[in-house]
1. Under unit Cβ charges (Lys, Arg +1; Asp, Glu -1), what dipole magnitude, rounded to 20 debye, does the range B:24-148 have relative to its Cα centre?
2. Defining the label point at 7 Å along Cα→Cβ, can you sort the distances from residue A:334 to the same site in each other copy, shortest first, in nm?
3. Who wins for biggest fluctuation among B:220, B:303, B:174 in a Gaussian network model of chain B, springs between alpha carbons below 10 Å?
4. Could you pull the copy-to-copy label distances for residue A:299, with points set 7 Å along Cα to Cβ, in nm to one decimal and sorted shortest first?
5. Structure shown: which of B:100/B:160; A:160/A:217; B:191/B:314; A:8/B:100 lie over 29 Å apart, alpha-carbon to alpha-carbon?
6. How big is the dipole moment of the range A:197-354 about its Cα centre under a simple scheme where the beta carbon of each Lys and Arg is +1, that of each Asp and Glu is -1, and everything else is neutral? Debye, nearest 20, please.
7. Between the range B:168-192 and the range A:152-166, how far is it from one alpha carbon centroid to the other, in angstrom?
8. Can you tally the net charge around residue A:189? Count Lys and Arg as +1, Asp and Glu as -1, for every other residue whose Cβ sits under 15 Å from the Cβ of residue A:189.
2 protein chains.
Amino acid sequence: MKPQGKKKATIYDLSLLSGCSASTVSAVLNGTWRKRRIKESTAELIQGLAEQHQYTANLQARGLRNSRSGLVGLLLPVHDNRYFSSMAQTFEAQVRSHGKCPVVVSASRDPQEELATVETLISYSIDELFIAGATDPDSVHGLCEAAGIRHINIDLPGTKAPSVISDNYQGARMLTQAIIKRFDDAAVTLKPEELFLFGGRNDHASRERIKGFRDIKTEMLGGDSDACIQPTGYSPDMTQKAFEAFYEREGKLPRGLFINSSINFEGLLRFMAQHPHETFADLVVGCYDYDPFGSFLPFPVIMIRQDTESMLAKAFELIAEARPAVTIHLIQPELVHPRTALKGPLDSIRDIDA
Amino acid sequence: MKPQGKKKATIYDLSLLSGCSASTVSAVLNGTWRKRRIKESTAELIQGLAEQHQYTANLQARGLRNSRSGLVGLLLPVHDNRYFSSMAQTFEAQVRSHGKCPVVVSASRDPQEELATVETLISYSIDELFIAGATDPDSVHGLCEAAGIRHINIDLPGTKAPSVISDNYQGARMLTQAIIKRFDDAAVTLKPEELFLFGGRNDHASRERIKGFRDIKTEMLGGDSDACIQPTGYSPDMTQKAFEAFYEREGKLPRGLFINSSINFEGLLRFMAQHPHETFADLVVGCYDYDPFGSFLPFPVIMIRQDTESMLAKAFELIAEARPAVTIHLIQPELVHPRTALKGPLDSIRDIDA
DNA sequence: CTTTTTTGCACAATCGATGGTGCAAATAAT
DNA sequence: ATTATTTGCACCATCGATTGTGCAAAAAAG
C-alpha cells in the first residue's frame, strides 16, 4: 500500500499495472477521459490503482507540456510588515479558491532583485503575476509581456499594465484632517509648522500622500512649508535618525505627526525607546497603514487601513478580463480611530481544536 | 533585439542560430561546457546569442529532467503575523544566498490543507522543505519521506524529522519570572490567582510554555491552579471572548497576564477596544512573541522574541547534513523589556533612493 | 608519414504528461 | 449478411533541457 521511500508512481507505472496505455491513464487522471470516450469501468480501474499507489501528477511535466504551471505569483517588497503580510494572506485564500497554487516572494524593494525574481517565476511558467509595491513595475511588465503572462500592479501603479492601488490622496486627506480635528476637539490651536510628515520616498504613493497632506494643511491650517516634509525612505533606521535630528534641533517633536507607513512608524518606536514617556505626552500621530498594536499606543494614533481585500478582489477581476484597459483603479482606504482592533484575514481561518 | 510578444527562445532556437547542436548550447548555458570540452569561442558565440535573444532556461523542463527544481519551500501556518512574516523574510534571504528560489506558502493551521499544500509542492519537485508550525509534522514527514525530499521542522517539533524550535519552557520561565518581578519591584504582592495564562492550544509549544509558567508560579508565588490556564486556540476572536467572559465573571482582568502568542494578544486588543483605559491601569502583560508596536502599549508589556535567525540558521545547517539525526534542537529566545524596538530582518535590506 | 592521443562536438535517449490521429472491434442500420 | 457508425483505446510526437556515448578532425608522438 505504501511504496516506502521509493520514487513516485508515474502514468507509465499505472499503465503497466492496468494494462492500458499511458495516454489512457493520463486522460483518466486529469479528468478528460469522458471526452476521450474511455469506458467507465476502465476509468474506475485506473483511479483505484492511482489511489493505491498514491499517484500524484508530476506538475513540472504537466507544466512543460501545457506551458502553464497552475502557479500564481505575488511579488512583494517585504514580508515582515502587516500591510504586506495581510495582503499575502488574502492573496493565498483567493488563489486557492480558484484551484491554483499561490506563490509569494519578496524582492526587497530592489529593482534588480525584482526583475531577477520575476524572471525566475516566468521560467517556472507561472500563469499570472500580481506585482505589489514594485519599485519599477514597468520593467516587470516588460518581462511579463514578452513571456505572455497576465499581470497586474497593486499598491504602486505602473503605466503599462492595469493597476489597483489605494486612493492615497484621499486617504492622506482623511488622515491629516483627523489629526487636525483631534487638536481642534481639544481646543488646541495647531500651527502649520507643528504638523510634520515623516517617511516615504519618491514613489507614487508617497507623492500622493504628501499632496493630500499639504492640501489639507493649507485648507485647514492656512499654511504649509516644505520643511514639514521629511522623506526618509522605507527604513526604520533612517526614520529614527530623522526624528533624532529633529529632536536635537528643536528640543521636542512636532505635536502632530503624519507617518508615511508602518515601517516608518517603527522608526518612531526606536526613537521612543530612547526617550522618556513625557516626550510624547501631547503627541498625535497619524500613520498611513494599520497595525492593530500600533492603534493602542499611549498617545492617540489614527491609522489608515488600506483595503487589501478589495484591492485583491478588483485585481483578480481585472486579471481575468481578456484585454483589461491600462488604467489605475483607486480603492478607498478606511480611517481607523485610536484604540481600534479590526478583524483581518486571519479571522476567516477556522481554528480547529481550540 | 527585443522579440516582442513572441514566445521565449529555447536552446533549439539558439542551436539553429549558432549552428551548434542543442546539447552544446545546453552545456554552454548551464556552465558545464568546460567539462564537455567545448571551445571557448563557441561558448562565447552562444552566450552572445543567448543574451541577444534574452534566453532564459525553462526551469520546468530542467526540473523535469533533473527531478530537482531549485525551489525551496517554507510552509507556514499564516502570513499575517510578525513572528511568521519575519521568519519568511529571513528564510528568503537565506535561500537566495544559496542560489535557490524561495517559495513561501501558508496552510492555515489546517492539517488537511498542510498535506495538500505539501503534495503540491512535492509535485513541483521542490528540493527542500521547511515545515514551520505545522499541526501535524509527522504526516508531512510521511509525504516528504516517500518523495525523498529533505525536510525539517521548525517552531513545532515532529518525531520523525529533525526539529529546530524555541526553548519554550525556558522562555516561559523567563517571561513569567519577569512578570512577577515587575510586581515585586513595585512592592506589590501578587497572589497566584492573579496571574493567568491566556491562549495557545494543545500543541507542543503551548504545553511547554504552560509548564514553564506553572513551574515558576509555584516556585515564586507558592501556588498555581488549573483555573489560571485559559487555552483559547490561536484565534483573536476566541481569546477576546475568553477575556470578556473572565471580565464578566470577575469584574476585572487578572493583574498579571501571560499571553501565549501575538495572535492571542490581538484578542486582548479587541477586548481593550471595548473597555476604558482604567481597566488596564495596573496590568502587566507578558507576551510569548515579539511585536515592536506591542512593546509600547500603555501598560508594561514584556515580550519574548523567538530567535528566528538562529532557528533558520540551525535548520539550514541540519538540512545540509547527509543524514541528520532526528532530534530536537532548542534555540534560546530572548526576553524583551517594555518599550523596546528591536532590529529585524528588514534592517538588512538596503534602502535605495531614500 | 603512420599511430596515438586529444579536442570538439553531434546524436539520441530521457524526464512525465498531453492530445491529435488512426484503427480495430463492437454495435447499428439496411 | 453487408455496410455504416460508434465505441474504446493505443500510438506517437511534443514540451525544453540534460547527459552518456561515440566519432571525426586536429594535434602530438613515434
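1. Charge dipole of the range B:24-148: 920 debye, to the nearest 20.
2. Those label-point separations list as 3.4 nm.
3. Of B:220, B:303, B:174, the most mobile in the Gaussian network model is B:220.
4. 2.3
5. Details: B:100/B:160 26 Å; A:160/A:217 33 Å; B:191/B:314 40 Å; A:8/B:100 23 Å.
Checking Cα-Cα distances, A:160/A:217; B:191/B:314 exceed 29 Å.
6. Magnitude of the dipole: close to 280 debye.
7. The range B:168-192 and the range A:152-166 have Cα centres separated by 50 Å.
8. That sum, taken over residues with Cβ under 15 Å, equals 0.
The values are calculated or read from the model by the stated rules, or taken from the named source; none is laboratory data. What you see is a predicted model, and the numbers here were worked out from it, not measured in a lab. Backbone-built Cβ (ideal geometry, glycine too); neighbour counts: all protein chains shown. What goes into the accessible areas is simple: the full protein's heavy atoms, side chains included, and nothing from ligands, DNA or RNA. Shrake-Rupley method; radii C 1.70, N 1.55, O 1.52, S 1.80 Å.
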